[in-house]
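The structure appears below as structure tokens.
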Amino acid sequence: MTVKPSQTQDKSQVYGVSQPDWPSPVNDQERRLFTLVDVLEYRPRTGGGGSNSDYRWDLEGWYGGDHHRLWFKSEGQRDTAFKADYDVDFQLLYGRFLWKHYDIQAGARMETQSFRGGNVTRGMGVIGLQGIVPYNYEFESALFIDQRGAVSARLAYTKDFLLTQRLILQGRFETNLAIQRVEEFTTGSGLNNLEFGGRLRYEIRREFAPYVGLSLDRSYGETATLVRRQGGDPSQIRFVVGVRMWF
């Protein structure tokens, strides 16, 4: 059926003809800032001759639109099965939407940690892939190459299990690998470590959720030997308490 405009009706209202001063129906060029503090936790001392009390954080965020983003990431840890004392790194990456649910990322990483009573620092190039795989597992993978040509990699998975509308159990898995041995960064060749964890959080607000959990972390091979040499424990089970937030 053909719709004919009435005498009081503008033809643009009937036929959908846009006017020069009308706003764009979809603002797909808008830029936004997002930050997620996924892990911010304290891990108390274990009994006997076990590990010391320590802390850990893992945060990431981006600024940009749907297709182009500037990513920033930071991790810090102390007295883990992978690092005997403290280790902090920061990444600045360009991210490009690749296909549904996936971003490819490239940029730089700066890492610093303690070694034999002092501090050591190195820079690395980064290329990675981040996104969501089937069954809503969030994954992050990255390949690192430092200024001396040493190659390493990291792979991490997380998944949220909704127990109630506010009570959520997050499962977490992370592993690190390296081709070359880099002693000052407690890194042996081959498989460096495996970490499994579970964190139960209560979302007071969607943006703010305290949590408790358990982390199982173990280093292997040359990495475990280097951790022992620096006075660390290469196999740990840790109770954690912290907060997760985003803004």
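Derivation of every value follows stated rules applied to the coordinates shown; laboratory data play no part. Fair warning: this is a prediction, and the values are worked out from it, not measured in the lab. Don't worry about glycine lacking a Cβ; one is built from the backbone with ideal geometry, like all the others, and counts go over all protein chains shown.
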Practice task
Using amide H atoms built 1.01 Å from N in the peptide plane, name the residues 5+ places from Gln180, or on other chains, whose amide H lies under 5 Å from its own.
Solution key: Val151
Fill in the blank from the handout: In whole Hz, the Karplus estimates of ³J(HN,Hα) for the stretch 61-71 (6.51, -1.76, 1.60; θ = phi - 60°; x where Gly or Pro) are x, 8, 10, x, x, 6, 10, 10, 9, 9, 9
Practice task
Kindly provide the chymotrypsin sites (Phe, Trp or Tyr not before Pro) of the stretch 65-160 that DSSP labels as loop, not H, G, I, E or B, and whose Cβ sees at most 12 other Cβ atoms within 10 Å.
Solution key: Tyr135
Exercise for the section: May I ask you to compute the full-extension gain from Ser235 to Ala108, defined as 0.36 nm times their residue separation minus their alpha-carbon distance, rounded to one decimal in nm? Expected result: 42.7 nm
Completion exercise
Computed about the Cα centre, the charge dipole of the chain from +1 Lys/Arg and -1 Asp/Glu charges at the Cβ has a magnitude in debye, to the nearest 20, of 260
Fill in the blank from the handout: Nearest-0.05 FRET efficiency for Arg228 and Val133 at R0 = 30 Å, using Cβ-Cβ distance, is 0.25
Practice task
Please report the relative contact order for the chain, taking Cα pairs under 8 Å with a sequence separation of at least 6, and give it as a percent rounded to a whole number.
Solution key: 16
Problem - Peptides ranked, highest mean first, by Cβ atoms within 10 Å: ranges 171-180, 184-193 - result: 184-193, 171-180
